[in-house]
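These notes are about the structure you will find just below.
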Amino acid sequence: MEPTVQNQAVMATYNRFPLTIIKGRGSYVWDEQGNQFLDYTAGIATCNLGHVPDYVQERLQHQLDTLWHCSNLYHIPPQDKLATLLIEQSCADQVFFCNSGAEANEAAIKLARKYGKEAKGEDAYTIVTFTQSFHGRTLATLSATGQAKIQQGFEPLVQGFQCLPYNNTEALATIDPTKTCAILLEVVQGEGGVVPADPAWLDGIRSLCQKENILLMIDEVQTGMGRTGSLFGYQQYGIQPDVFTLAKGLGSGFPIGAVLAKAHVAACFQAGSHGSTFGGNPLATTAGLATLEYMLAHTIPEQAKTLGEYFVTKLAALQETYAVIDTIRAAGLLMGIVIKDSDTALQIVTKARNNKLLVLLAGPQVVRILPPLTTTKAEIDQAVTILDTCFSQL
Ligand SMILES: Cc1ncc(COP(=O)(O)O)c(C=O)c1O
């Protein structure tokens, strides 16, 4: 394979793999030399309907011919339709649109602070977050993120976050309800290593929030849009958040983010409280609307659940064979192979790419697998065969 070098005109913020992707279709992408790869990264849980899905493409094409952009000072029909469909399908009552996961969480943080001040008092601005979480790269969202490596060099951090150990019920006792406006968490930590929330811990948090008038805010940027086997990850826990955020899979690769909230919380945002030039623009919300319609019509989240279960049985067989595999973690098609040592995880990612399978790392020890939710059992078999080869070559 040709090594691809970093273009010096682009800031070196990413450790790029030596691969240039120029075309995608369904579960596959192609490089400049015409090599075909099975893409089980899906743009990091973004191309949930595969690359260039026909239905979304047709709808976007029509919108491209009609209107690209229009300010939020005017009504935008696809934005209204997408908001209506999202609230029909969730526990939320209102939606604010933005352009990315970080922006969605940033807006949720602002909303929580405003809610705290209005509902509880000036000092109720603390937001509780958790170790190994990931909420984005803006100053407030990296301050919310429970990983020192994301924060280093950007101090002073935004004040008003308390970071507690994830899945630890005892630690919740340190929360001061008079100073806390919200608890922000992922139901499955994606970047943190594919770690699902313990249902009992989450139940405890829901009860605490209810009792103390603290908002439960769920970051569904990675877990949302069918990824974990339900449209939104929280739906499998039998709880309802007061606020949740979406991005990644919402636009099938077209940039879009959203904050969804219960009416009494959303009411804290009034004209002038928050805004975005591009947020909810006609192209982005057309992509979002087409994506969501297709997902619902074709029961894509259910498919992710079934395919995820199938994939896990195959990965469990690999685990039996290779002692280097510690555990398999999975929620729908958000999957991680936990490796006993960190160098090996990177080796597997590299070997897989050399064998035409794209997978990722989540932290140093987890090989993260994020297939498009439209993948097939035959493609899963293909991926497992390649992974088998990679482990056998260690
Ligand atoms: C859970 C979670 N929240 C927020 C983000 C940030 O999203 P974006 O990169 O679109 O800003 C990510 C990105 O990986 C994520 O996984």
Q.
What distance in nm lies between label points placed 7 Å from Cα along the C-beta direction at residue 174 and residue 162?
A. 0.9 nm
**Q.** Distance in nm between pseudo-label sites at residue 122 and residue 264 (7 Å out along the Cβ direction from Cα)
**A.** 2.5 nm
Q. Among the aspartates and glutamates, which fall within straight-line cross-link reach of residue 314, defined as a Cα-Cα distance under 14 Å, with same-chain neighbours fewer than 8 residues apart omitted?
A. 379, 381, 388
Q | Candidate lysines for bridging to residue 114, where Cα separation is under 16 Å - those fewer than 8 sequence places away on the same chain excluded | A | 179, 262
Q) For the stretch 261-394, treating each Cα as an identical point scatterer without solvent, what Debye log10 I(q)/I(0) comes out at q = 0.09, 0.10, 0.22 1/Å? A) -0.40, -0.48, -1.24
Q.
Can you tell me the orientation of helix 199-212 relative to the chain, as the angle in degrees between its alpha-carbon axis and the longest Cα principal axis, to the nearest 10?
A. 20 degrees
Q) Given the convex hull over the Cα atoms of the stretch 228-284, what projected area results after averaging over all orientations, in nm²? A) 5.0 nm²
Q) Hey, got a sec? Which chymotrypsin sites (Phe, Trp or Tyr not before Pro) in the stretch 50-130 land in a DSSP loop and have at most 12 other Cβ atoms within 10 Å? A) 68, 74
Q. What share of Cα pairs, in percent, lie more than 34 angstrom apart in the chain?
A. 28 percent
(Q) If you build the convex hull over the alpha carbons only and average its shadow over all orientations, what do you get for the stretch 203-312? Give it in nm² to one decimal. (A) 8.4 nm²
Q. Label-point separation (nm) for residue 21 and residue 35, each offset 7 Å from Cα along Cα-to-Cβ?
A. 1.5 nm
(Q) I need the calculated FRET efficiency for the pair residue 72 and residue 340, taking r as the beta carbon distance and R₀ as 45 Å, to the nearest 0.05. (A) 0.35
Q | Theoretical gain in end-to-end length, residue 138 to residue 296 [0.36 nm per residue, Cα-Cα removed] | A | 53.7 nm
Q: Kindly state, as a whole number, the per residue volume in cubic angstrom of the convex hull around the alpha carbon atoms of the stretch 1-107.
A: 186 Å³
Q.
Within a 10 angstrom radius of the beta carbon, how do 85, 216 rank from fewest other beta carbons to most?
A. 85, 216
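Subtract the Cα-Cα distance of residue 388 and residue 310 from 0.36 nm times their separation in residues, and report this length gain in nm to one decimal.
That works out to 26.5 nm of additional length.
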Q: Could you pull out the pairs from 23/110; 305/356; 110/149 whose alpha carbons sit more than 32 Å apart here?
A: 23/110
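None of the figures in this text is laboratory data; all of them are computed from the coordinates on show. Just so it is clear, the model here is predicted, and its values are computed rather than measured. Cβ atoms come from the backbone with ideal geometry, glycine included; neighbour counts cover every protein chain shown.
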